[in-house]
Amino acid sequence: MLGRRETGLGEDAASGASTGGREAAPAHPNRLPTDWWRRNPRYVLYMLREFTAVPIAIWMVWFLVEIGRARGGSAGYRPHQSLAFVIFSVVCLVFAVWHSFTFLRLSGLIVRIPLGERTVPASAIVAGSFGLLIVATVVVGGLLILGGR
Amino acid sequence: MPDKTITLSVTRFDPDLDPEPRQQSYEIPFKDDMVVLDGLNWIKTHLDGSVNYRWSCRMGICGSCGMNVNGTPKLGCSAFLRDYLPGPVVVEPLPNFPVVRDLVIDMSSFMEKLSAVKPWIIREQGAIGTGEFLQTPAQTEQYRQFSMCINCMLCYSACPVIAIEPEFIGPAAIALARRYELDSRDQAGDERLRTITASDGIWDCSFVGECSAVCPKGVDPARAIQQTKFDSTLGVLLPWGGK
Ligand code: SF4
Ligand code: FES
């Protein structure tokens, strides 16, 4: 093992970068490079997850347009049925489920509900969040299917 | 030199001489129990006394020895060379801070952010020092992990938001604000919260989460930020202010 007195600081740094009356030389700005997101798998996964919001947003806009088209009732409404569109919708569904799962999985860390001197356990919050998601899915899905009849 | 050696590629930068930082390689003896800081100390003692870096405790307590090791922010005193065999081990200054010299960064931006969040107990009645302010273990547990921060700056270096928005208050300062927010003895009310929910505060965070992944003390700054986002949103939406 190396001795404690082997200080790594040079004289300048140890003494608060004294410059002996000279104007201090400019420090080098050392920002993360623009390709920071390729540096480790966690960054890559983050970028992928963020990117999946784009197709989901496009699908949501399309969904609003379809609601507009269905204004006249189900009788005159013909939904898109092309294979490309079905594939796009399934991919968007997978992305949306991934978003929901990864977000709700962390809800126990994010949501803090005080309970006297303690807080509601994280596991209960996660279970509650997934429960709410299932209820919301069933209710909204039910409304859409029944309302479309 | 013993049989086994390892190469450290260390960033060198003298602002008076170098237009840009450069890497310099040193071959040092390798022992299984050596950390990166031991390697730097060996270089300083035996090869090149002009290498500059910070350290003090050598046990992950003081937070002085933060540096990028093979591209990841680490404490030099906790990063074992054996984990980087066969080398070379690239040792660079922490990104997102100006480099003063070699591996020494200028942390003054963080110091300003830290004092802005008032990391101390604020009392309205009965100032600290006027008596005992008891706390149960359950109350201590509410903020304990956030109080473990050693101001090592690894989280700031891992944060891409800081790279784009240097004014962002950032992970450690917000985690420390949260530490006092959750302290049953603190009576700051909205005072601290106003600072961290203003522009350059919690809403700049896009939840990359790398701050928590690199923290050597198990602090979870990403959690502190998201919790504060949730609480302050409830504070706006609910009549009782999310309390
Ligand atoms: S939160 Fe962790 S990584 Fe950030 S300064 Fe504190 S101890 Fe270091
Ligand atoms: S020398 Fe103190 S944390 Fe590394």
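Here are the numbers for this structure:
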item: Gyration tensor verdict on the stretch B:111-157 (Cα atoms; rounded if a/c is under 1.5, prolate if a/b is larger than b/c, oblate otherwise); result: oblate
item: Listed residue (B:63, B:25, B:46) projecting farthest to the positive dipole end of the stretch B:5-105, Cβ model; result: B:63
item: Per residue solvent-accessible surface (Å²) - the stretch A:16-146, probe of 1.4 Å; result: 71 Å²
item: Residue among B:35, B:195, B:218 farthest towards the positive dipole end of chain B, charges placed on Cβ; result: B:218
item: In sequence order, calculated HN-Hα J values of the stretch B:152-160 (Karplus, 6.51, -1.76, 1.60; Hz; x Gly/Pro); result: 7, 6, 4, 5, 5, 6, 8, 8, x
item: For residue B:6, distant residues with modelled amide H under 5 Å away; result: B:28, B:30
item: Cβ-defined net charge surrounding residue B:120, 13 Å radius [Lys, Arg +1; Asp, Glu -1]; result: +1
item: Descending Cα extents along the principal axes, the stretch A:78-149, whole Å; result: 57, 25, 11
item: Two-decimal Rg/Rh across chain B, once Rg and the Kirkwood Rh are taken from alpha-carbon atoms; result: 1.05
item: Compactness of the protein assembly as shown - radius of gyration and Dmax, Cα, Å; result: 26.1, 87
item: P(r) tail fraction, the stretch A:16-146 - alpha-carbon pairs more than 22 Å apart, %; result: 64 percent
item: Gaussian network model of chain B, Cα within-10 Å springs - most flexible of B:197, B:130, B:72; result: B:130
item: Kirkwood Rh, Cα atoms: Rg over Rh of the stretch B:1-117; result: 0.98
item: Percent RCO, i.e. relative contact order, over the stretch A:16-146, from Cα pairs under 8 Å lying at least 6 residues apart; result: 15 percent
item: Shielding score for B:145-153, defined as the mean number of other chain Cβ atoms within 10 Å; result: 0
item: Peptide-level mean, for B:64-77, of C-beta atoms on other protein chains within 10 Å; result: 1
item: Nearest 10 degrees, 0 to 90: helix B:171-181 Cα axis against chain B principal axis; result: 30 degrees
item: Relative contact order of chain B, pairs being alpha-carbon contacts under 8 Å that are 6 or more residues apart, as %; result: 17 percent
item: Within the accessible area of the stretch A:18-103 (1.4 Å probe), percent carbon and sulfur; result: 70 percent
item: For the stretch B:108-234: accessible area per residue (Å², 1.4 Å); result: 42 Å²
item: Reachable lysines, given that their alpha-carbon falls under 23 Å from the alpha-carbon of residue B:74 and they are not under 8 places away in the same chain; result: B:31, B:44, B:113, B:217
item: Within 10 Å of each Cβ in B:94-106, the average number of Cβ atoms from other chains; result: 5
item: Accessible surface buried once A binds B (1.4 Å probe; total of both sides; Å²); result: 3800 Å²
item: Solvent-accessible area, 1.4 Å probe, carbon plus sulfur percent, for chain B; result: 53 percent
item: Estimated dipole of the protein assembly as shown in Debye, rounded to 20 [Cβ of Lys and Arg +1, of Asp and Glu -1, Cα centre]; result: 1440 debye
item: Burial of 30 Å² or greater, the stretch B:192-206 residues [accessible area, probe 1.4 Å, versus chain by itself]; result: B:206
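The values are calculated or read from the model by the stated rules, or taken from the named source; none is laboratory data. Please read all numbers here as calculations on a predicted model, not as lab measurements. Every residue, glycine as well, gets a Cβ built from its backbone with ideal geometry; the counts of neighbours run over all protein chains shown. Ligands, DNA and RNA are excluded from the accessible area calculation, which covers all protein heavy atoms including side chains. Shrake-Rupley method; radii C 1.70, N 1.55, O 1.52, S 1.80 Å.
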